[in-house]
Amino acid sequence: MKIERSVLIVFLLLMPVFAWADEAVYRYPVADSYAATILGTPQNLRPELSGKVPIKTMILETDLKKPEIFFYDHGLRYTAAFQDRKAPLIFLIAGTGGGSKSPKVLALMGNLYQAGFHVIALPSPTFPNFIIDASASHVPGNLPDDAVDLYRVMEQIWNVSKGRIEVSHFLLAGYSLGGTEAAFVAKLDEERKVFDFRRVLMLNPGVSLYTSASRIEGLLDRIPGGPRRVGAFFNRVMEKSTNFYRKGAFVGIDDDFLFAAYQAQLLDRDEAGGIIAVSFRISSAGMVFASDVMTNGGYVVPRNKVLKNSDSLEDYFWTSLHLSFLDYFNEYFYPYFQSRHPGLSKEELIEALSLKSIEGYLASSAKIGVITNEDDFILAPGELDYLRRVFGPRIKIYPSGGHLGNLEYRDNMAFLIDRLRSATW
Amino acid sequence: MFRYLIHLFITLGLALYLTGCAASATHIASEIPPMHTVSEFSDDESVSHTRDPWEGFNKGMYKFNYEADRFFFLPVVNAYETAAPGFVQTGVSNFFANIREVRTLYNSILQAKGKESLVTLGRFLTNSTIGIGGLFDPATSFGWRQQHEDFDRTLETWGVGTGPYLVLPILGPSTVRNASGLAVDGAVRWAVVSSIDPFGGTGAGSEIETGATALEAVDLRHREKFRYYESDYPFEYYMVRYIFSERRELTTIR
């Protein structure tokens, strides 16, 4: 009894010190924004997850007849983790090129499930599976249209789920491009009122899709030979990594390996930025190809060509990898919408894909909040101030973390869950 | 009877041929070259160095494996994971891993790797005895890490090139050399098992062996987390091919 009490007293004495320390210093360990983006959060600094998260992959069947080359696609794949009691239901929207089982989605899902939410995660509208099955135009990137597609999918999923779960109220969150999309979906919900979201969280969102994508593409300007030499650049980075791996006693390409490579400064800053841009290119290559096949757009695949499973796609892969987001925008995306809306200027289209087009709503809606980082490079100079101005007290800005590197950090996850639970910001 | 069959084939073939003509006649929309082609980007270094002359066949096999998984292996694996408790699954994995130590042992010897051979021999003896026939893996906790050697690597140390990329039925991504290695290791195992004849006294030796082989197949699929087409990435085949060759690159020349 005595010992217990003294332990308790020591604990109480220590508590405020810890609390104070946590308030004053942000302890996310990776200082560089590119490195943070690549490495994420070390395992031991993530919240502990106890117990199994019952994540199920579900298929929303679509009756569209698909091109033969997509024979493996049987409908929109989403993931769900349901509580066995009444709980709030949160919809998650993945970031650019991400599916409903991408690591960040699974991390959010696990933590939110453990915090007592029902969770349903949707792939990004830029994800091939979404382009094929859920996009009305099959041309991703037009945020108001993407929001309509997302909302329709959410309604369909809700219709098949509502018999199985008890829901108290609805919430919405998205990261990266998914965060920007969440704002558009929230606005749509104000008219449709199917969910009447109580709270909407935008995690490291872009302000303007065009600007953010251009900034990521811009990272390739600093690799040797520029964007046309992504293949050579990739080979060089792989070679360095392979040599480093062979020298050390690593058991696999895991956190230990990545952090060791970071500590050894295996890549310089330009190379780290280049790797981020290359992974962006890899996912956008899938997007461009899927969209082109679905619309018979004649962009990288010959128009009217019926691709068979045995056909080689390697040349299309290589071509798509070398096309930048700006190429896609100027040569494919803009002409597509211009042909449907004659007189639409490029500037107007760029403006429509920005939070600025729904600024009035965002500034006045108390339910929407933003969590981002001071050094998130998908934001152009001035855009962070813009977000501060629009969201006022409803924005939380961490000093470091790059683009989503600190998403899984303990403090971030705790804060995020706390915001979703609270009635006011 | 034979005649009837020939007749049937000719009729069927003719019918298929005619519908083929009809089908191609309706698809007269001619192909128009796309805005961008690969020739624009030939000044960049290519990333994949894997020789894949049988790509059409390989993609067919890749698809076959996907369907085999979908309709057979994954349902079986799911049932296994639901029915068998976790410790049983681990025991099964350990048991077959222990048997595979024999493969690692003779291949390390063939490659003249003294330390690996000793560690593997130590592991096999320890796990077979203290580990109760391989169900447990105490050797790892003694600091003897599991080694992986197979005849493919033996061929490599003997200077045999990998040969073209080859997607095998059920087993998946491979190379010609790797496939030969698998065949040799399989043959050695068959020879060893039939000479020892461990279940000979039971009167149902071949049934038990078949069951063991099936269980090993289930265990292999259970431990392999990869799912065909799960990435939903249209170029998954190429990514898998690249990662396969990189992974070998990482693990072999160490």
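Being more than 7 Å from chain A (Cβ to nearest Cβ), assigned to a helix (DSSP H, G or I), closer than 24 Å to B:R247 by Cα and not charged (D, E, K, R) is the filter here; which residues of region B:32-80 pass it?
Narrowing region B:32-80 to residues more than 7 Å from chain A (Cβ to nearest Cβ): B:39-40, B:42, B:48-54, B:57-58, B:61-62, B:64-65, B:67-80.
Next, from what is left, pick out any that are assigned to a helix (DSSP H, G or I): B:39-40, B:57-58, B:61-62, B:64-65, B:67-80.
Imposing the further condition that a residue be closer than 24 Å to B:R247 by Cα reduces the set to B:57-58, B:61-62, B:64-65, B:69.
B:F57, B:N58, B:M61, B:Y62, B:F64, B:N65 - these are the residues of region B:32-80 that are more than 7 Å from chain A (Cβ to nearest Cβ), assigned to a helix (DSSP H, G or I), closer than 24 Å to B:R247 by Cα and not charged (D, E, K, R).
Only one residue in A:G97, A:G116 is over 19 Å from the mean Cα position of the chain (by Cα) and in a loop (DSSP other than H, G, I, E, B). Which one? Lay out the reasoning, then the answer.
Values: A:G97 fails: over 19 Å from the mean Cα position of the chain (by Cα).
Among A:G97, A:G116, only A:G116 is over 19 Å from the mean Cα position of the chain (by Cα) and in a loop (DSSP other than H, G, I, E, B).
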Within region A:49-63, can one find any residue that is in contact with a Lys or Arg (Cβ under 9 Å, 6 or more places away or on another chain), over 24 Å from A:S212 (Cβ atoms), of a type outside the set (A, V, I, L, M) and outside the structural domain of A:L219 (by TED's automatic domain parsing)? yes
Looking at region A:219-255, which of its residues are away from chain B (no Cβ under 11 Å) and farther than 30 Å from A:A380 by Cβ? A:K240, A:D254, A:D255
Might you let me know whether region A:360-368 holds any residue that is at pLDDT 95 or above, outside any helix (DSSP H, G or I) and surrounded by 20 or more Cβ atoms within 10 Å (Cβ to Cβ)? yes
Among A:L323, A:L404, A:L355, A:L349, the single one that is buried (at least 20 other Cβ atoms within 10 Å of the Cβ) and closer than 17 Å to A:F184 by Cβ is A:L355
If you take the residues of region A:314-328 that are touching a residue at least 60 places away in the same chain (Cβ under 8 Å) and of a type outside the set (F, W, Y), which of them is nearest to the other protein chains (Cβ to nearest Cβ)? A:H322
Suppose we filter A:P88, A:P125 for residues that are under 28 Å from A:F415 (Cβ atoms), in a loop (DSSP other than H, G, I, E, B) and touching a helix residue (DSSP H, G or I) at 6+ places or on another chain (Cβ under 9 Å); which single one remains? A:P125
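Suppose the filter is within 13 Å of chain B (Cβ to nearest Cβ), surrounded by fewer than 22 Cβ atoms within 10 Å (Cβ to Cβ), outside any loop (DSSP other than H, G, I, E, B) and in contact (Cβ under 8 Å) with a residue 60 or more places away in the chain; does A:M294 pass it? Quick ask: steps written out before the conclusion?
On the way: within 13 Å of chain B (Cβ to nearest Cβ): yes; surrounded by fewer than 22 Cβ atoms within 10 Å (Cβ to Cβ): yes; outside any loop (DSSP other than H, G, I, E, B): yes; in contact (Cβ under 8 Å) with a residue 60 or more places away in the chain: yes.
In short, yes.
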Do you know which residues across region A:223-256 are over 26 Å from the mean Cα position of the chain (by Cα), part of a loop (DSSP other than H, G, I, E, B) and surrounded by 15 or more Cβ atoms within 10 Å (Cβ to Cβ)? A:F250
Consider B:A139 against the criteria (1) within 28 Å of B:I243 (Cα to Cα); (2) surrounded by 15 or more Cβ atoms within 10 Å (Cβ to Cβ); (3) in contact with a Lys or Arg (Cβ under 7 Å, 6 or more places away or on another chain): it satisfies all of them except one. Which criterion is unmet? (1)
It is to be established whether one or more residues within region A:398-407 are more than 25 Å from A:D196 (Cα to Cα) and either among the aromatic types (F, W, Y) or assigned by TED's automatic domain parsing to the domain that holds A:V293 (or both). yes
Residue list for region A:85-97, filter: modelled with pLDDT of 95 or more and of a type outside the set (V, I, T): A:R85, A:K86, A:A87, A:P88, A:L89, A:F91, A:L92, A:A94, A:G95
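Restricting attention to region A:385-424, report how many residues are hydroxyl-bearing (S, T, Y) and either within 19 Å of A:V207 (Cα to Cα) or touching a His at 6+ places or on another chain (Cβ under 7 Å) (or both). Please lay out each step first, then the result.
Filtering region A:385-424 for residues hydroxyl-bearing (S, T, Y) gives A:386, A:398, A:400, A:409, A:422, A:424.
Imposing the further condition that a residue be either within 19 Å of A:V207 (Cα to Cα) or touching a His at 6+ places or on another chain (Cβ under 7 Å) (or both) reduces the set to A:386, A:398, A:400.
The total comes to 3.
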Give B:T202, B:T175, B:T162 a once-over and let me know the one that is loosely packed, with under 14 Cβ neighbours inside 10 Å and away from every other protein chain (no Cβ under 14 Å). B:T202
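To keep it simple, each residue is scored yes or no on (1) facing chain B (nearest Cβ under 8 Å); (2) buried (at least 20 other Cβ atoms within 10 Å of the Cβ).
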position	(1), (2)
A:L258	no, no
A:R269	no, no
A:S279	no, no
A:V288	no, yes
A:R303	yes, no
A:S310	yes, no
A:N330	no, no
A:Y336	no, no
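The values are calculated or read from the model by the stated rules, or taken from the named source; none is laboratory data. Quick caveat: nothing in here was measured; it's all calculated off a predicted structure. We place every Cβ from the backbone using ideal geometry, glycine too, and count neighbours over all the protein chains shown.
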